[in-house]
Amino acid sequence: MSDAPVVRLEKDGDIGVIIVNYPPVNALGPGVADGIIDCLAKANADPQIKAMVLMGDGRSFIAGADIRGFGTGRKRPPLGERSHDQLERSGKPVVAAIHGYALGGGLENAMGCQYRIAVASAKVGLPEVLIGILPGGGGTQRLPRLAGPQVALEMITSGRHVPAPEAQKLGILDEVIPADANLRQAAVAYARKVADIRPLPRVRDKEAKADPGIFDAMRKSIARRARNQKAPYNCIAAVEAACTLPFDEGLKREQELFQELENADEAKALRYAFFGEREVAKLPDLPTTISPFDFKRPAVVGAGTMGGGIAMSFADFGYDVKIVDASPESLARGMARIKANYETSVKRGSLAADEMERRFARIHPVNTYEEIADADVVVEAVFERMDVKKEVFKQLDAIVNKDAFLFSNTSALDMEEIASVTSRPEKVAGTHFFSPANVMKLLEVVRPKGASPETLITAMAMGRKIGKISAMAGNTDGFVANRSRAPFNSEMVILLEEGCLPEQVDKVMIDFGYPMGPFAVGDLAGLDIGAEGRKRRLAANPNYRTLPIADKLVEMGRFGQKTGAGWYRYEKGDRTPHPDPEVRKIIEDYSASAGITRRAFTDQEILRRLLFSSVNEALRILEEGKAYRTVDVDIMWLHGFGFPRYRGGLFFWADQIGVRDVYNQIASWHQQYGERWAPCALLRQLAESGTSFRDAKPAPFA
Ligand code: 3H9
């Protein structure tokens, strides 16, 4: 970083312009808030200056407090002396001039100012809840006064980024100027216009009035998504304080509620997830000098559920995308499914009807590979069988432009074998989407040995361009996400053999924080898919642990929701899972025939049986050099499988228990259950050295 001050005061005639310069996003890092206070004092003391502007250099106004500083015991100025308080006390008006983002502490400082203007492309918000805290810089007290308690509750409990034009309607901004206007000039002119207005308008002097019922209504409405969390409730309590206490008392209450959160496990996990999502983009063994190819003409092969979802992802992010399928009928069915999915979003109110039309119009169905010959990236999403994939790649290689990247959405097959049938293996990689592909955020980029760095960097960037979080996986059966999850999938069925029922296991996992239980998820995805995979693995490995109960359901045609019955039964047209006595009988009969005495399980035992089995397997993956870091696994679990974000991820959660306890438990299950629980060498090493999972040093990427 340069020696330039992080905040400087410039003069535009009689207007003082205070500029924050703390790249990349102007977080309130060391010296920034103090710098604002200093420049403000100087400007107030300067008789030539009549009013001030507060703005940011670079791409944003201020993105909030420096998240790295939380939980470090850093000192903050006393209440009433912080930068937002001092801005509000200024003897001359200050105009916050917002571009990019004004988030968290950024918006809090802007609300301390007497006026706020923004370019139309700017976004404002108080996203603290997403990192397990609340807006502790007066945000919970000022926003309800500025925009009303109902709006404040919604914004603060969701953390939503509000576009400037909407923020103006809500009363948060005084003026919005076109996105390409000169913000500094406009802000200086605005400051000149308001320079002599007295008394100075201060947000703290406004009143926040609310019907007391809105707070309980909000608590009720968030109960499901805020399960097991404290921050959303403290946010509500703080806004309630804004409506019942004088301003300074409200600030004190906000502080108390903030302090309950800052060092809690919830906030630690969410901070870890925030930085983890950014860390997985870093590929430590690839050159940073290579830029991703800027693709323009994506194509998807296969119009099934996955292919359709992938095409929607491209369209949702502004790309025109072609989709091709083997038969006109399946192409038509695929397009109808895409349309129906969009229509559901419109019905739910999450997508405007005209926006749906625009997105749908970007998806172009075509019947032949010749029609995608000019594509620059192709994502194949055909039936998951090696011979089928190879045939498709051979044809694509022959027909599609020789510079195009060819990606496969396989969820487990050997990417090197697929690449080997092409004349351009260096341009082939896996891009494994998760179902539903237009919704789930994870893109697992699979790295076959022959892929060039440009190919891998392009695949990772492609994911980010279509709203995904891309993370790199090695070419191993099931890659990283599904392979690390596989023992969990087996263990949940083995628990049934020993005494559990699907609804009991599902309840434990929902209580833990998953949106759905794993058996209900299985029914949604289709049980036939897992059965195929098990057959393939058993053929390759005669010692593979079979799951007779799961196989039996598939034999009976119980494929899940699509057949009206799976682990649960379903009423026609309804997705609610109902426990099924027939399934219970199959399970109990199996236990009896296998000579197993069924027994009771505690919730903790169920949870640990499922998750510890995956911790062990994930470490084996790291030991083999098939993933970069434990955080990659954690981020994959958050965004591929719905692992509760406020628990950080598989390894973050396991670290809370402690590496030694995890090892001891696994070692004891190894004695009890045999080989499948054999602790891997890396686990043993970590336990012996007392190193946390987070600090584990995996083998170099292989
Ligand atoms: C707060 O304000 C509390 C207050 O109420 C006061 C309480 C007392 N801190 O995301 P990007 C880094 S809480 C530290 O890739 P984009 C980020 O890690 C805060 N670092 O860019 C990355 O580093 P690297 C409330 C931060 O353009 C680099 O900047 N505010 C922070 O895709 C680029 O970030 C928030 O929660 C930060 N606050 O997205 C906003 N922000 O290059 C959090 C970013 O080493 N930030 N970094 O990987 C964001 O949501 C996005 O960064 C933003 C830009 C939308 C601003």
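The values are calculated or read from the model by the stated rules, or taken from the named source; none is laboratory data. Owing to the predicted nature of the structure, the values given are computational and were not obtained by experimental measurement. Cβ: placed from backbone, ideal geometry, glycine included. Neighbour counts: every protein chain shown. Remember, those area values only see protein heavy atoms, side chains included, never the ligands or the DNA or RNA. Shrake-Rupley method; radii C 1.70, N 1.55, O 1.52, S 1.80 Å.
Considering (1) farther than 30 Å from ILE19 by Cβ; (2) in contact (Cβ under 8 Å) with a residue 24 or more places away in the chain, the lone condition that ALA191 does not fulfil carries the number (1).
Filtering the range 677-700 to residues that are among the hydrophobic types (A, V, I, L, M, F, W, C) and surrounded by 17 or more Cβ atoms within 10 Å (Cβ to Cβ) leaves TRP677, CYS680, LEU682, LEU683, LEU686, ALA687, PHE693, ALA696.
Hey, any hits in the range 557-572 for a residue that's in contact (Cβ under 8 Å) with a residue 24 or more places away in the chain, open to solvent by 50 Å² or more (accessible area, probe 1.4 Å) and not in a loop (DSSP other than H, G, I, E, B)? Looking through the range 557-572, at least one residue is in contact (Cβ under 8 Å) with a residue 24 or more places away in the chain, open to solvent by 50 Å² or more (accessible area, probe 1.4 Å) and not in a loop (DSSP other than H, G, I, E, B). Could you tell me whether the range 168-177 includes any residue that is of a type in the set (Gly, Ala, Ser), crowded, with 21+ Cβ neighbours inside 10 Å and either at positive phi or within 15 Å of the ligand (Cβ to nearest atom) (or both)? Taking every residue of the range 168-177 in turn, none turns out to be of a type in the set (Gly, Ala, Ser), crowded, with 21+ Cβ neighbours inside 10 Å and either at positive phi or within 15 Å of the ligand (Cβ to nearest atom) (or both).
From VAL53, VAL20, VAL95, VAL25, which residue is touching a residue at least 40 places away in the same chain (Cβ under 8 Å) and surrounded by fewer than 24 Cβ atoms within 10 Å (Cβ to Cβ)? The conditions single out VAL25. Looking at the structure I just gave you, is ALA187 under 29 Å from SER90 (Cα atoms), of a type outside the set (D, E, K, R), in contact with an Asp or Glu (Cβ under 8 Å, 6 or more places away or on another chain) and surrounded by 14 or more Cβ atoms within 10 Å (Cβ to Cβ)? No, not satisfied. When the range 103-131 is filtered for residues that are among the basic types (Lys, Arg) and within 11 Å of the ligand (Cβ to nearest atom), only LYS123 remains. Close contacts from the range 56-73, counting a first residue that is within 18 Å of VAL129 (Cβ to Cβ) and away from the ligand (no atom under 11 Å from the Cβ) and a second that is among the aliphatic types (A, V, I, L, M) and open to solvent by less than 50 Å² (accessible area, probe 1.4 Å), with Cβ to Cβ under 8 Å and a gap of 6+ residues or different chains, come to GLY71/ALA267.
Every test in (1) at pLDDT below 95; (2) part of a helix (DSSP H, G or I); (3) of a type in the set (Val, Ile, Thr) is passed by ILE310 save one, and that test is (1). With respect to the conditions (1) under 24 Å from PRO163 (Cα atoms); (2) within 11 Å of the ligand (Cβ to nearest atom); (3) among the polar types (S, T, N, Q), ASN21 lacks only one, and its number is (2). Residues in the range 383-395 include at least one that is under 20 Å from PHE295 (Cα atoms), surrounded by 13 or more Cβ atoms within 10 Å (Cβ to Cβ) and modelled with pLDDT of 95 or more. Determine which member of the set GLY674, GLY595, GLY625 is open to solvent by less than 50 Å² (accessible area, probe 1.4 Å) and modelled with pLDDT of 95 or more. So the residue among GLY674, GLY595, GLY625 that is open to solvent by less than 50 Å² (accessible area, probe 1.4 Å) and modelled with pLDDT of 95 or more is GLY625.
Within the range 259-285, the set of residues being closer than 22 Å to ALA473 by Cβ and open to solvent by 20 Å² or more (accessible area, probe 1.4 Å) comprises TYR272, PHE274, PHE275, GLU277, ARG278, GLU279, ALA281, LYS282, LEU283, PRO284, ASP285. Looking at the range 351-363, is at least one residue of a type in the set (A, V, I, L, M, F, W, C) and closer than 30 Å to LYS535 by Cα? No, that holds for no residue.
In the set VAL300, VAL324, only one residue is in contact with a Phe, Trp or Tyr (Cβ under 8 Å, 6 or more places away or on another chain), in contact (Cβ under 8 Å) with a residue 60 or more places away in the chain, of a type in the set (A, V, I, L, M) and open to solvent by less than 50 Å² (accessible area, probe 1.4 Å); that residue is VAL300. Summed over the range 356-381, residues that are open to solvent by less than 40 Å² (accessible area, probe 1.4 Å) and either β-branched (Val, Ile, Thr) or in contact with a Gly (Cβ under 8 Å, 6 or more places away or on another chain) (or both) total 8.
Within the range 573-591, the set of residues being more than 13 Å from LEU496 (Cβ to Cβ) and open to solvent by 70 Å² or more (accessible area, probe 1.4 Å) comprises GLY573, ARG575, PRO581, GLU582. Restricting LEU134, LEU143 to those that are open to solvent by less than 40 Å² (accessible area, probe 1.4 Å), touching a Phe, Trp or Tyr at 6+ places or on another chain (Cβ under 7 Å) and either at pLDDT below 95 or within 14 Å of the ligand (Cβ to nearest atom) (or both) reduces the list to LEU134.
Only one of the numbered conditions (1) in contact with a Leu (Cβ under 7 Å, 6 or more places away or on another chain); (2) within 20 Å of GLY250 (Cα to Cα); (3) away from the ligand (no atom under 12 Å from the Cβ) is violated by ALA96, and that is (2). Summed over the range 1-46, the residues that are assigned to a loop (DSSP other than H, G, I, E, B) and closer than 15 Å to SER90 by Cβ give a count of 1.
Entry remark, the range 458-476: residues being surrounded by fewer than 22 Cβ atoms within 10 Å (Cβ to Cβ) and under 16 Å from ALA404 (Cβ atoms) number 1 in total. Scoring GLU81 on the criteria (1) under 23 Å from GLN255 (Cα atoms); (2) away from the ligand (no atom under 16 Å from the Cβ) leaves a single failure, condition (2).
Among the residues of the range 632-671, those identified as charged (D, E, K, R) and either out of contact with any helix residue (DSSP H, G or I) (no Cβ under 6 Å at 6 or more places or on another chain) or surrounded by 15 or more Cβ atoms within 10 Å (Cβ to Cβ) (or both) are ASP632, ASP634, ARG645, ARG647, ASP655, ASP661. Of the helices (runs of 4 or more DSSP H) lying entirely inside the range 633-693, those containing at least 1 residues that are farther than 30 Å from ALA231 by Cα are 659-673, 681-689. Among the conditions (1) open to solvent by less than 40 Å² (accessible area, probe 1.4 Å); (2) farther than 25 Å from GLY467 by Cα, SER423 misses just one, which is (1).
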